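The values are calculated or read from the model by the stated rules, or taken from the named source; none is laboratory data. Bear in mind the structure is a predicted one, so any value in this text is a computation, not a measurement. Every residue, glycine as well, gets a Cβ built from its backbone with ideal geometry; the counts of neighbours run over all protein chains shown.
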Amino acid sequence: MNPNQQREFGKYATLVALLGAGTAGELMPEYASFKVTTGKVGSMDLKKVISSVETAAKRNQLIDGEMYRETHALYHAIIEAAEGVTRGKLSVGEVMRTVGLSFSVVRGRPYPEHEEGEWIAVCFYGTIGAPIKGKEHETLGLGINHI
């Protein structure tokens, strides 16, 4: 295992959101054993963004929805990533903003020490702006949390 791997966990999640799991896996093959899911969401409602990521992670068995600690870890990673997208203000529709995002969720053991356990990363990439075509700009957010 690459000794710097723990510093590249977020990089891998970002590459998955930007380029897709196949290309990211070719660029960083040391993450082949990590669980990955991707999706897209567009909304003026942040609750829909959160639930889209949560649903994808549950449906693709990245987390066990019956285990509180797993759902809780995912939630914190989502919120941290959303804060990056919204520049720290967790609101979109209330202030006449909309988002169109691709997302990745990655789960694995980024530390060489087994005792460090599993971690989960969420990355959003897409656009945010006024709900008028052409009035948005790119945005990126990353959240990482231990499970």
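Checking each residue in the range 5-54 for being buried (at least 18 other Cβ atoms within 10 Å of the Cβ), of a type in the set (Ser, Thr, Tyr) and out of contact with any helix residue (DSSP H, G or I) (no Cβ under 9 Å at 6 or more places or on another chain) picks out only Ser52. The condition of being in a helix (DSSP H, G or I), touching a Gly at 6+ places or on another chain (Cβ under 7 Å), at pLDDT below 95 and not hydroxyl-bearing (Ser, Thr, Tyr) holds for only one of Glu83, Glu115, Glu94, that being Glu83.
Okay, residues lined up against (1) within 18 Å of Arg97 (Cβ to Cβ); (2) outside any helix (DSSP H, G or I); (3) modelled with pLDDT under 95:
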site: Ala17; (1), (2), (3): no, no, no
site: Ala24; (1), (2), (3): no, no, no
site: Glu30; (1), (2), (3): no, no, yes
site: Val36; (1), (2), (3): no, yes, no
site: Gly39; (1), (2), (3): no, yes, no
site: Lys47; (1), (2), (3): yes, no, yes
site: Ser52; (1), (2), (3): yes, no, no
site: Thr55; (1), (2), (3): no, no, no
site: Lys58; (1), (2), (3): no, no, no
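Step by step: first the residues of the range 118-147, then only those that are in contact with a Gly (Cβ under 7 Å, 6 or more places away or on another chain) and hydroxyl-bearing (Ser, Thr, Tyr), then the one that is farthest from Lys11 (Cα to Cα). Which residue is that? Selected residue: Thr127.
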